[in-house]
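Following: one structure in structure tokens, then a few remarks.
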Amino acid sequence: MKKIVILISGRGSNMQAILEARLPLTIAAVISNEPQAAGLAVAHKHGVATRAVDHRAYAERATFETALAQTLDTLTPDLIVLAGFMRILSATFVDRYAGRIINIHPSLLPALPGLHTHRAALAAGLKVHGCTVHFVTPQVDFGPVIIQAAVPVLPDDTEDTLAARVLAQEHRIYPQAVRWFCEDRLAITPHGTVQIKRARAADGSLLSPALDPPES
Ligand code: GRF
């Protein structure tokens with residue numbers, strides 16, 4: 001069974017969605033760079049081990065990342081899941097775990113990288129907005145897209161109503177992406193895109209048929 005570690009900085013609702021999806025995997029720990037993150041208490045309530053690696057305890061990004069990597073490496077995760085983890089990770093760190101770190105971003109990447117995506121979507125008058133799970137590469141909010149979900153932007157939306165509509169979709173697609181990774185169904189193509197490989201149950205039936213391309 002695959003082992004994952006989830007990195008958070010705040011409330012941890014995406015982490016909670018993954019915990020509550022009861023996926024066939026081991027959650028080795030939830031790590032936060034914010035010792036007071038509300039998500040740590042949620043993880044603890046779910047019986048998941050928690051750690052804090054406080055970035056403020058380190059003068060430089062490099063030393064913080066060394067401490068984070070040491071903590072991660074003792075846990076030997078197959079996959080590192082960034083779920084509202086609010087520290088930018090250096091190329092050195094990302095390359096160390098290449099192909100083994102995923103992130104969720106609240107926009108339809110490559111549109112609207114960075115912060116305040118709901119505000120930006122409203123300001124641009126977008127009619128469709130959403131969220132993306134992607135592999136992490138050194139370029140922030142950029143790597144190969146695994147799954148996306150779109151929502152309408154409604155005329156009377158505020159940042160909060162739009163964020164809530166997107167967040168409901170985040171909670172749906174993030175557990176799905178983690179499941180695919182843990183089923184060895186994700187492959188990064190030479191073009192840098194993600195192929196979702198087919199998987200069949202023991203009786204030969206196609207798993208997740210609604211999400212698979214038609215038979216060729
Ligand atoms: C989510 O909107 C996620 O897309 C973004 O940060 C937020 C984290 O929320 N990266 P939560 O901590 O998972 O509730």
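The length gained on full extension between R198 and A41, counted as 0.36 nm times the residue separation minus their Cα-Cα distance, comes to 52.8 nm.
Taking θ as phi - 60° and the Karplus parameters 6.51, -1.76 and 1.60, the scalar couplings of the stretch 191-198 work out to 7, x, 9, 9, 9, 9, 7, 6 Hz in sequence order, x denoting glycine and proline. Mind running the shape call on the stretch 1-76? Use the C-alpha gyration tensor, a ≥ b ≥ c as the square roots of the eigenvalues: rounded below 1.5 for a/c, prolate if a/b tops b/c, oblate otherwise. Cα axes put the stretch 1-76 in the oblate bin. Around the Cα centre of the chain, unit charges on the Cβ atoms of Lys, Arg, Asp and Glu (plus for the first two, minus for the last two) sum to a dipole of about 280 debye. Give me the extension gain from R22 to A187: residue separation times 0.36 nm, minus the current Cα-Cα distance, reported in nm with one decimal. Roughly 57.1 nm would be gained on extension. Give, as a single signed number, the net charge of other residues whose beta carbon lies under 10 Å from the beta carbon of L112, with Lys and Arg counted +1 and Asp and Glu -1. Cβ neighbours under 10 Å give a net charge of 0.
Solvent exposure of the stretch 26-133 amounts to 48 Å² per residue of accessible area, where only protein heavy atoms count and the probe is 1.4 Å. Annotation: the antiparallel percentage among DSSP beta bridges lying fully within the chain is about 50.
Nonpolar atom fraction for the chain, defined as the carbon and sulfur part of the 1.4 Å probe accessible area, stands at 56 percent. Here the peptides 180-186, 131-137, 35-41, 110-116 are ranked by packing, the mean other Cβ count within 10 Å, and the order with the highest first is 131-137, 180-186, 35-41, 110-116. When the chain is treated as a Gaussian network with alpha carbon springs shorter than 10 Å, the biggest mean-square fluctuation among R51, R172, R22 belongs to R22. I'd like the FRET efficiency for A124 and Q148, computed as 1/(1 + (r/R0)^6) with the beta carbon distance as r and R0 of 22 Å, rounded to 0.05. The pair A124/Q148 has a calculated efficiency of 0.80.
The values are calculated or read from the model by the stated rules, or taken from the named source; none is laboratory data. This one's a predicted model, so the numbers in the text were calculated from it and none came from an experiment. All Cβ positions, glycine included, derive from the backbone under ideal geometry; neighbour counts span all protein chains shown. Just so you know, the surface numbers come from the protein's heavy atoms only, side chains and all, with ligands and any DNA or RNA stripped out. Shrake-Rupley method; radii C 1.70, N 1.55, O 1.52, S 1.80 Å.
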